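Every number in this text was worked out from the coordinates using simple rules, so none of it is lab data. Since this is a predicted model, take the numbers as computed values, not measurements. When we count neighbours, we look across all protein chains shown, and the Cβ atoms used for this are built from the backbone with ideal geometry, even at glycine.
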Amino acid sequence: MDKTNNKLTYGKRVLKRTILLCWILLFICFIIKLIGGNWFEVLCNNLKFISACSYVDTHIISQYFIGCVSTFITLSLYLLAILQRFRFNKKQTKLLIFVILIGTAVKIYNPLYGLIVDLIQLLILPLLFRGKIKRTIIALSLNIIFQVISLITKNISIINFTTENILIAIIYSIDVYIMLLLYYLYSNYKKE
């Protein structure tokens, strides 16, 4: 019994430290932006980075691979936060991978159909994983808020934000990843 309490206490401490670290990282990103730091722009104008972007843009397999990995990370954090779990079971993992593989192909083929795929992934998939409707709506709302905060912080127009390059989109989404990670951590911390 004592070992179980120690393990639970240790798990809560690790969660607290990870949450604190994420907040510090997010705070640093926002402070850099507020004091005029333009690291994102500098990186995106770097010649080596531009050539890497060009490579990814002209090779559909690299686009597909990066899209699958990015979607897996964001969708996993999103779904696990809704479910208040640290990891998926085997059946959920297989379904998630299948949905991501098909969904990423559809998004690359036609971005408009990609919006439909996003709605399926963000609204229907949580329900298939036995997530609660209320938590799904809250998670979707938070996800939208995270993205709007990210765009405002970077002084990017919410209406006109489009990028043809997947790598630049991922770089501009780093703070969204951190906010999703925080949501995932808080959801599991609350459960503990």
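In whole Å, what are the extents of segment 2-191 along the principal axes defined by its C-alpha atoms, from largest to smallest?
Extents along the principal axes: 57, 40, 28 Å.
Enter the per residue convex hull volume of segment 63-132, computed from alpha-carbon coordinates, in Å³ rounded to the nearest integer.
71
Can you sort 85, 17 by how many other beta carbons sit within 10 Å, fewest first?
Fewest-to-most ranking of 85, 17: 17, 85.
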